[in-house]
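Colleague: Take a look at this one; I'll ask things after.
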Amino acid sequence: MALQDYLRDMEGCSRCSSCKWVPFNQVKSWRFAKNCPSVTRHNLHAFSGSGKMIMGLSMVSGRSELNDTVTEIIYRCQLCGACDTACKVYRDDIDLMDVLLALRAHCVEQGQLIPEHMLTIDALKREDNVFGEPKARRGDWAEGLDVKDAVGEKPQVLFHAGCRYSYDPDLRETVRGAVRLLRSAGVDLGIAGADEACCGGRAFELGYQGESENFADDMVSRVKATGASVLVTACSDCYAAFNYLYPRMGKELGVELYHITQYLEKLAGEGRLRLRQRVPKLVTWHDPCHLGRKSEPFTGEWKGDKLLRPVTMKRTGKKGVYDAPRNVLKSIPGIELVEMERIKGYAWCCGAGGGVLEAFPEFAAWTAAERIEEALATGAEALVTSCPWCLRIFRDAVEETGALLEVYDLTELALVSAGEGVLAGGAAR
């Protein structure tokens, strides 16, 4: 939908600034009461969800025009969805996240482009991944693993690694560990290897919605060609794209969909994954935005007055994947989980999303450092998450700040507990 289609949402914004804060009945302390990295960092209302609604309304009403300054403000935002979740506590007839996405699509339509994002889109077009790495090497991470070729061997379960896990050498053992866990549980597993492609979710968030639809069409055909009945992905961004964005576009993968944390929970519940080894760690859990707020399933477009929209069709940030990773953590002997102040639908973003890491790395690093401080405030010795983008930026932030905090992917801890690996230096081997 175009920006003007959200006129009612933009006019409905009451400028209450609730989009800047964790809902007040959820606030634990002043230090960790804010929820929007953009306005917290830049300290100007224009950077908030409400500020962007005002800018959008002004442009649609013909009172102002898009320019370089406005474009930068629009893109200095991780699209984490925290503003939308907080807004809906008070005004559930406004879809703030949809306005933010429409603003970016408007920028692209008007030729107001961010150079770093143009490079990302060019990389997608050339090599089917956001890094521009050779497509032929996408499956190299799985070399030597006991896993089927999904294209020719027709596995029951298709494992989708995603761009970051496929090409980041420092995260290679993490995704290999996920496959080893599934294979140890007897899962009939296959990967597409070099034939795997980007989900296209990042293109959509950057405002290149046409390109995103092309990737969705391609992904649907690739998945159907494997004959798999189940798709498991280790990437939170991919999971959100498959679970929400694709159905919203009218694209159906035709498979049972799981994020790796959900599938591990399922396998453990069935007794196929045995987590027996003690992992004596005091840990805190970080809810990735795409696994939490942004992974809520698509329930259809409501036509008409949003005040009359049923609760079942409202994206409130409460129906994301929150319990599965916590249940897996709690099932690992020796693990003690202590929560941060901002959790689940109100979690603070890692900083890497929405194209911010590519275009404004200093802002991304600041956002990650804020979350590291919140994790340290719990007294935990380790921060655990399940998103390659979160994992990457948190490890970089710990190294840069010198924080005494280990950073793990959930699958790494599960791998150790299953007797398939050991912890060493903040990662499993």
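Table: residues versus (1) part of a loop (DSSP other than H, G, I, E, B); (2) more than 18 Å from the chain's Cα centre (by Cα).
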{"site": "MET340", "(1), (2)": "yes, yes"}
{"site": "GLY345", "(1), (2)": "no, no"}
{"site": "CYS350", "(1), (2)": "yes, no"}
{"site": "LEU357", "(1), (2)": "no, no"}
{"site": "ALA365", "(1), (2)": "no, no"}
{"site": "GLU374", "(1), (2)": "no, yes"}
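Colleague: Further question on the same structure: Can you find a residue in segment 8-15 that is at pLDDT 95 or above, farther than 24 Å from GLU109 by Cβ and surrounded by fewer than 17 Cβ atoms within 10 Å (Cβ to Cβ)?
Modeller: The answer is no, given that none of the residues of segment 8-15 is at pLDDT 95 or above, farther than 24 Å from GLU109 by Cβ and surrounded by fewer than 17 Cβ atoms within 10 Å (Cβ to Cβ).
Colleague: When the residues of segment 65-93 are narrowed to those that are within 16 Å of the chain's Cα centre (by Cα) and in a helix (DSSP H, G or I), which ends up nearest to CYS289 (Cα to Cα)? Don't jump to the end; show me each part of the working.
Modeller: Taking segment 65-93 first, the residues within 16 Å of the chain's Cα centre (by Cα) are 77-85.
Next cut, in a helix (DSSP H, G or I) only: 82-85.
Working: ALA82: 8, CYS83: 12, ASP84: 12, THR85: 11 Å.
Among residues in segment 65-93 that are within 16 Å of the chain's Cα centre (by Cα) and in a helix (DSSP H, G or I), the one nearest to CYS289 (Cα to Cα) is ALA82.
Colleague: Go through segment 298-317 and give me each residue that's touching a residue at least 60 places away in the same chain (Cβ under 8 Å), surrounded by 12 or more Cβ atoms within 10 Å (Cβ to Cβ) and either within 24 Å of the chain's Cα centre (by Cα) or outside any loop (DSSP other than H, G, I, E, B) (or both).
Modeller: Result: LYS306, LYS314, ARG315, THR316, GLY317.
Colleague: Further question on the same structure: Restricting attention to segment 179-196, report how many residues are more than 17 Å from LEU231 (Cβ to Cβ) and among the hydrophobic types (A, V, I, L, M, F, W, C).
Modeller: So in segment 179-196, the residues more than 17 Å from LEU231 (Cβ to Cβ) come out as 180, 184, 186, 194.
Pick out the ones that are also among the hydrophobic types (A, V, I, L, M, F, W, C) and you get 194.
Of the residues in segment 179-196, 1 are more than 17 Å from LEU231 (Cβ to Cβ) and among the hydrophobic types (A, V, I, L, M, F, W, C).
Colleague: Just a yes or no: is a residue in segment 299-316 among the acidic types (Asp, Glu) and at pLDDT 95 or above? I'd like the intermediate steps shown before the answer.
Modeller: So in segment 299-316, the residues among the acidic types (Asp, Glu) come out as 301, 305.
Subsequent filtering for residues that are at pLDDT 95 or above retains none.
No - not one qualifying residue is present in segment 299-316.
Colleague: Still on this structure, please answer the following. Can you give me the ranges of the helices (runs of 4 or more DSSP H) entirely in segment 6-64 with at least 2 residues that are without any contact (Cβ under 8 Å) to a residue 40 or more places away in the chain? Can you show your working first?
Modeller: On the way: elements: 7-12, 37-42, 49-60.
The helices (runs of 4 or more DSSP H) meeting that bar are 37-42, 49-60.
Colleague: Any residue in segment 220-234 that's closer than 18 Å to TYR244 by Cα: show its pairings with residues that are surrounded by fewer than 24 Cβ atoms within 10 Å (Cβ to Cβ) and of a type in the set (Gly, Ala, Ser) at Cβ separation under 8 Å, as long as the two are six or more apart or on different chains.
Modeller: These pairs meet every condition: VAL220/GLY254; VAL223/GLY254.
Colleague: Right, something else. Cβ-Cβ distance below 9 Å, separation of 6 or more or different chains: which pairs start in segment 324-352 with a residue that is free of Cβ contacts under 8 Å to residues at least 40 places away in the same chain and end on one that is not aromatic (Phe, Trp, Tyr)?
Modeller: So the pair list comes out as LYS330/LEU337.
Colleague: I've got another one for you. Quick one: count up the residues across segment 103-157 that are buried (at least 20 other Cβ atoms within 10 Å of the Cβ), in contact with a Leu (Cβ under 6 Å, 6 or more places away or on another chain) and under 30 Å from VAL60 (Cα atoms).
Modeller: 2
Colleague: Pairs, please: C-beta under 6 Å, at least 6 apart or cross-chain, first residue at pLDDT 95 or above and in segment 122-134, second in a helix (DSSP H, G or I) and of a type in the set (S, T, N, Q)?
Modeller: So the pair list comes out as VAL130/THR120.
Colleague: Take ARG371 and decide whether it is under 15 Å from GLN78 (Cβ atoms) and in contact with a Leu (Cβ under 7 Å, 6 or more places away or on another chain). Steps first, please.
Modeller: On the way: under 15 Å from GLN78 (Cβ atoms): yes; in contact with a Leu (Cβ under 7 Å, 6 or more places away or on another chain): no.
Spelling it out, it is not the case that ARG371 is under 15 Å from GLN78 (Cβ atoms) and in contact with a Leu (Cβ under 7 Å, 6 or more places away or on another chain).
Colleague: Within segment 8-24, which residues are in contact with a helix residue (DSSP H, G or I) (Cβ under 6 Å, 6 or more places away or on another chain), farther than 15 Å from CYS36 by Cβ and not charged (D, E, K, R)?
Modeller: Correct list: MET10 only.
Colleague: Would it be correct to say that LEU96 is buried (at least 18 other Cβ atoms within 10 Å of the Cβ), over 23 Å from the mean Cα position of the chain (by Cα) and not acidic (Asp, Glu)?
Modeller: On the way: buried (at least 18 other Cβ atoms within 10 Å of the Cβ): yes; over 23 Å from the mean Cα position of the chain (by Cα): no; not acidic (Asp, Glu): yes.
No.
The values are calculated or read from the model by the stated rules, or taken from the named source; none is laboratory data. Since the structure is predicted, the reported quantities are computational estimates derived from the model, not experimental observations. Neighbour counts run over all protein chains shown; Cβ positions are idealised from the backbone, glycine included.
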